[in-house]
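Chemist: Before I ask anything, here is the structure I am working with.
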Amino acid sequence: MAKLTLSDLEHVYPNGHRGLIDINLQIQPGEFITLVGPSGSGKTTLLRTLAGFFQPSAGSINIGDTLVAGDKTWVSPERRDLGMVFQEHAVWPHMTVFQNVSYPLKRKRFAAADIAQHVTAVLEDVGMAEHMKKKPTALSGGQRQRVALARAMVAQPQALLLDEALSALDEPLRARLRQQLRRLTMEEGLTTVHVTHDRSEALALADRVIVLNRGRIVQDASPAEILTKPANSFVAAFMSDAAVLQGSWTNGTFYPDDKGLYIQPDALASQPQREITGVRCVATVAPEDIRLETIGAHQPADTTVGTVTSVLAVRFGTELTVTWSGGEFEVYAPVGAMIPKISDRVAVHFDRVHVFQDSAMTTHAVHA
Ligand code: ADP
Ligand code: MG
């Protein structure tokens, strides 16, 4: 396990597209980080640049104390000593499971007896020991991914790089493999970079989450911080499905453009400085930070009123959609909360609102 250091990294594709911009990232030995972002945000580009398939246009990469890219230095992928798993086709079809997993040890010139011992141990770890003699075609997709994981880990690489390695699998297998992955990397103390577009997976697995958008890191924080202190409206909208409300910020108050919206001052969890005044702003509110109540006979005038347009029972409560004159909110109601019916008019209370000076128009992803 090694520390990974990416400094001022840039990648420009031959057609001029800037795939990575100003990437600065330090990953500690044994740390498990997830790299998350919408499709086209640069996740694969970052992982492949780290792996050595792409040469950065600027900046440098260190694996442990070794400079592997930058400053006229270039270390080829096979000499970077990294374990890698991609979404699919990650194992060689003409080799048995045993041969697939022994390959990295052969390259490192391990003795045959040591190879057998290591391969058996890692295949037991991923629950594939009894399939050792099979060819990948005789395995299910989930089993093949487990073989790929075993092969990536067997030689105790400096770091494990996973690009959507679980994304092609169906639940509940995917959840099980996710747990296995976390347990094994912890036991082995493996530095891991796990790329996923699945936001819950990113938050559930990581010590630290790196959110990418349009080739840039837009937030680098713990999972809890990503949810409670999003860095901008893009992170709030992408990671939490937050609604984005346009408005302005004047004298410490957010004024929504929509006059039917009322946000109580004590709901503001983060906000621009008081001195910043008369500027365009956006407010974001996450589905779990909205409470719905029945409209009473003496409802105060400053109540946001909406109409329920969708009610879905989910495992941990209810997901609702509430529309109001200016748009719609997703609302997560926990078990035990008041659950209205479709077409009910309800009072909408905001428990936690973030106000950002960024504009959602300019920070949102452009999907390819
Ligand atoms: P992600 O893995 O987050 O979905 P990628 O890293 O694959 O995103 O791509 C990032 C951006 O770079 C996208 O806009 C994509 O269209 C562009 N891109 C990827 N590969 C190439 C290429 N070979 N030439 C030009 N642009 C590319
Ligand atoms: Mg990708």
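The values are calculated or read from the model by the stated rules, or taken from the named source; none is laboratory data. Here the structure is a predicted model, which is why all the values come from computation and not from measurement. All Cβ positions, even for glycine, are placed from backbone atoms using ideal geometry, and neighbour counts span all protein chains on display. Surface accessibility is based on the protein's heavy atoms, side chains included, excluding ligands, DNA and RNA. Shrake-Rupley method; radii C 1.70, N 1.55, O 1.52, S 1.80 Å.
Chemist: I need every pair where a residue in the range 182-208 that is more than 19 Å from residue 238 (Cβ to Cβ) has its Cβ under 6 Å from the Cβ of a residue that is part of a helix (DSSP H, G or I), sequence separation at least 6 or different chains.
Modeler: 182/205; 184/125; 192/185
Chemist: Take residue 243 and decide whether it is more than 15 Å from ligand 1 (Cβ to nearest atom), more than 13 Å from the chain's Cα centre (by Cα) and either under 21 Å from residue 143 (Cα atoms) or of a type in the set (Gly, Ala, Ser) (or both).
Modeler: Against the criterion (more than 15 Å from ligand 1 (Cβ to nearest atom), more than 13 Å from the chain's Cα centre (by Cα) and either under 21 Å from residue 143 (Cα atoms) or of a type in the set (Gly, Ala, Ser) (or both)), residue 243 qualifies.
Chemist: Moving on. Could you list, in sequence order, the residues of the range 134-172 that are among the hydrophobic types (A, V, I, L, M, F, W, C), away from ligand 2 (no atom under 16 Å from the Cβ) and open to solvent by 40 Å² or more (accessible area, probe 1.4 Å)?
Modeler: Answer for the range 134-172, where residues must be among the hydrophobic types (A, V, I, L, M, F, W, C), away from ligand 2 (no atom under 16 Å from the Cβ) and open to solvent by 40 Å² or more (accessible area, probe 1.4 Å): just 138.
Chemist: Go through the residues of the range 331-350 one by one and say whether even a single one is surrounded by 13 or more Cβ atoms within 10 Å (Cβ to Cβ), closer than 27 Å to residue 231 by Cα, acidic (Asp, Glu) and at pLDDT 95 or above.
Modeler: no
Chemist: Determine whether residue 62 is away from ligand 2 (no atom under 16 Å from the Cβ), open to solvent by 10 Å² or more (accessible area, probe 1.4 Å) and not in a loop (DSSP other than H, G, I, E, B). So that I can check it myself, show each step before the final result.
Modeler: On the way: away from ligand 2 (no atom under 16 Å from the Cβ): yes; open to solvent by 10 Å² or more (accessible area, probe 1.4 Å): yes; not in a loop (DSSP other than H, G, I, E, B): yes.
Yes.
Chemist: Restricting to the range 39-61, name every residue that is in contact with a strand residue (DSSP E or B) (Cβ under 7 Å, 6 or more places away or on another chain) and either outside the structural domain of residue 74 (by TED's automatic domain parsing) or under 16 Å from residue 167 (Cβ atoms) (or both).
Modeler: Passing the criteria: 41, 43, 44, 47.
Chemist: Considering only residues of the range 1-21 that are touching a helix residue (DSSP H, G or I) at 6+ places or on another chain (Cβ under 9 Å) and in a strand (DSSP E or B), which is nearest to ligand 2 (Cβ to nearest atom)?
Modeler: Only one residue tops the list, namely 19.
Chemist: Taking the options 36, 101, name whichever one is within 26 Å of residue 207 (Cα to Cα), among the β-branched types (Val, Ile, Thr) and either crowded, with 20+ Cβ neighbours inside 10 Å or within 13 Å of ligand 1 (Cβ to nearest atom) (or both).
Modeler: Checking each option against the conditions leaves just 36.
Chemist: Check whether at least one residue in the range 200-212 is on the phi < 0 side of the Ramachandran plot, in a loop (DSSP other than H, G, I, E, B) and crowded, with 17+ Cβ neighbours inside 10 Å, and report yes or no.
Modeler: Yes, that holds for at least one residue.
Chemist: Output the residue which, of all residues in the range 181-199 that are more than 15 Å from residue 82 (Cα to Cα) and assigned to a loop (DSSP other than H, G, I, E, B), is farthest from ligand 1 (Cβ to nearest atom).
Modeler: Across the range 181-199, the extreme among qualifying residues is 198.
Chemist: Could we say that residue 215 is touching a Lys or Arg at 6+ places or on another chain (Cβ under 7 Å) and either of a type in the set (Val, Ile, Thr) or crowded, with 19+ Cβ neighbours inside 10 Å (or both) here?
Modeler: For residue 215, the condition - touching a Lys or Arg at 6+ places or on another chain (Cβ under 7 Å) and either of a type in the set (Val, Ile, Thr) or crowded, with 19+ Cβ neighbours inside 10 Å (or both) - is met.
Chemist: Among the residues of the range 65-103, how many are assigned to a loop (DSSP other than H, G, I, E, B), under 17 Å from residue 122 (Cα atoms) and among the hydroxyl-bearing types (Ser, Thr, Tyr)?
Modeler: Total satisfying the criteria: 1.
Chemist: Using beta carbons and a limit of 7 Å, which pairs, at least six apart or on different chains, have the first residue in the range 150-178 and in a helix (DSSP H, G or I) and the second one within 16 Å of ligand 1 (Cβ to nearest atom) and at pLDDT 90 or above?
Modeler: As it stands, the answer is 152/84; 152/85; 178/201, since those pairs meet every condition given.
Chemist: Among the residues of the range 307-325, which ones are among the small types (Gly, Ala, Ser) and open to solvent by 20 Å² or more (accessible area, probe 1.4 Å)?
Modeler: 310, 313, 325
Chemist: Just checking, does the range 62-82 include any residue being within 16 Å of ligand 1 (Cβ to nearest atom), in contact (Cβ under 8 Å) with a residue 24 or more places away in the chain and assigned by TED's automatic domain parsing to the domain that holds residue 217?
Modeler: There is no residue in the range 62-82 that is within 16 Å of ligand 1 (Cβ to nearest atom), in contact (Cβ under 8 Å) with a residue 24 or more places away in the chain and assigned by TED's automatic domain parsing to the domain that holds residue 217.
Chemist: Return yes when residue 3 is within 15 Å of ligand 1 (Cβ to nearest atom), charged (D, E, K, R), closer than 27 Å to residue 187 by Cβ and at pLDDT 95 or above and no when it is not.
Modeler: In short, no.
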